[in-house]
1. Would you call residue 345 among the polar types (S, T, N, Q), within 30 Å of residue 392 (Cα to Cα) and in contact (Cβ under 8 Å) with a residue 60 or more places away in the chain?
2. Quick check on my filter: what residues within region 32-85 are in a loop (DSSP other than H, G, I, E, B), at negative phi and at pLDDT below 90?
3. For region 371-400, what are the residues that are among the β-branched types (Val, Ile, Thr) and more than 23 Å from residue 351 (Cβ to Cβ)?
4. For region 86-110, what are the residues that are of a type in the set (D, E, K, R) and at pLDDT 85 or above?
5. Filter region 242-293 down to residues that are among the aromatic types (Phe, Trp, Tyr) and under 17 Å from residue 115 (Cα atoms), then give me how many there are.
6. Please work out which one of (1) within 28 Å of residue 30 (Cβ to Cβ); (2) over 18 Å from the mean Cα position of the chain (by Cα); (3) modelled with pLDDT of 95 or more is the condition residue 289 fails and give its number.
7. From the list 330, 353, 358, which one is over 18 Å from residue 74 (Cα atoms) and assigned to a helix (DSSP H, G or I)?
Amino acid sequence: MASDSALGLLFALIAAIAFGIQYVPVKKYEIFEGTAFQWFMCNGILMVGFVIAIAAGELDRGLPPLVVFGGALWAMSNYFVLPLVKLLGIGLGFSLYHFVNLMVGYCIGRFGLFGVTPLTGQLVYCDGGCLLILMSFFIMVFVEAGHGDDEDSEDSEESDESSGTKKFWTTVEVLRVWSIQGRASSTDNLVGEGMTAAECDMNFMSVGGFSVFGAPSNRQLAARKGDQRDPNRRKSSLDTLGPGARKVVGVLLAVVAGGLCGVQGVPATLWEKEHPDVHAFAVALPQCFGIWACSSVLLMLYSSIAVVRGVNLQKSVIGPAYASGCIWGVGFACMMKGIKYLGYSVGYTLDAVGPILVSSLLSVFVFREITGQRQLMIYFGAFFLQLVGVILIASFGKPD
């Protein structure tokens, strides 16, 4: 029905916006290596799950194990993103991650894998739209690796220094440093500037592959600068890998993280299929609980290992992380509502690509992270491919 499709698109749009802005609350804060941050974020996710369950009158349904398992899949996927970015870099790492995520999610709905209702309609156009979106991911690598005009950049730097205005690191600026040093997949040069490897990694965390985290403040950098130049500083196991091993492990993590993210919505979809009379929001609480429970286990394991190794677990920001989790929880509930109306292939694809469009627009028009004529031209070319791909899939794909 046309009304169902319209509602599905509306919920998918809300979900895309939520996923695209979820990390904005923590843009200006230091979140260290990310384990504690994820746990605080998952507490916000769990709270939203409770609120939605109460509002929808679904609190008495309990916690279906199948849906809880889906939440654990998402938590594991999110946890693997951090070392993935450290090993492969923001361009290749996120492009490969999103490539796998979209391919897995689209193919599940396209061919009806795992018992999901298969996609119907004019599938040639849907497949073409998916191909355009995948092409845009690779184009985004050049957007991230590029930079604005040298003259404009120098003027901007001089203006910042003369005015005394605090300047945040952006993805484009960091990658420009990487390209100059010839180390596009390493964070060592930023550590030399006073940033920890973890801070550098988390500076890049975003749904769309663009930075939505600002770098730590000058005071934070100054306080930690001596520690980073300490020759006795403990290195992580990832730092000891050679170039070839880093790429192999990074690709494997991208496949695992992207695959887990692509299937994390399947358990909830299958449970809804077995219970067609339930509200679409009924899966919110069990999914959110699964995310929180898995994240709690990860935090306990990490903290235990840190104690054995004699490493202090640094606390991340609580309020902003909690707010990010709340935003994600709203996005997930709306995504499941959209999938129920549009089918898994269409609904999931829209909410896998939509956040990239949203966060990209934030990078261009709000945070000014993408500048320079060449860079903007490449970016808008990729943006156009994504938009056309989304329109094709949404217009020609229909659930059976």
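The values are calculated or read from the model by the stated rules, or taken from the named source; none is laboratory data. From a predicted model like this one, the values you see are computed outputs, not experimental measurements. Every residue, glycine among them, receives a Cβ derived from its backbone with ideal geometry; neighbour counts consider all protein chains shown.
1. Judged against the criteria, residue 345 is a match.
2. Of everything in region 32-85, those that are in a loop (DSSP other than H, G, I, E, B), at negative phi and at pLDDT below 90 turn out to be 33, 56, 58.
3. Hits for region 371-400 are 371, 378.
4. Kept after step one, since they are of a type in the set (D, E, K, R), are these residues of region 86-110: 86, 110.
If the condition is that a residue be of a type in the set (D, E, K, R) and at pLDDT 85 or above, then 110 is the only one that fits.
5. The number of residues fulfilling the criteria is 1.
6. For residue 289, the exception is condition (1).
7. So the residue among 330, 353, 358 that is over 18 Å from residue 74 (Cα atoms) and assigned to a helix (DSSP H, G or I) is 358.
Let's see how each residue does on (1) out of contact with any Leu (no Cβ under 8 Å at 6 or more places or on another chain); (2) hydroxyl-bearing (Ser, Thr, Tyr); (3) surrounded by 22 or more Cβ atoms within 10 Å (Cβ to Cβ):
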residue	(1), (2), (3)
16	no, no, yes
20	no, no, yes
37	yes, no, yes
49	no, no, yes
53	no, no, yes
69	yes, no, no
79	no, yes, no
103	no, no, no
108	yes, no, yes
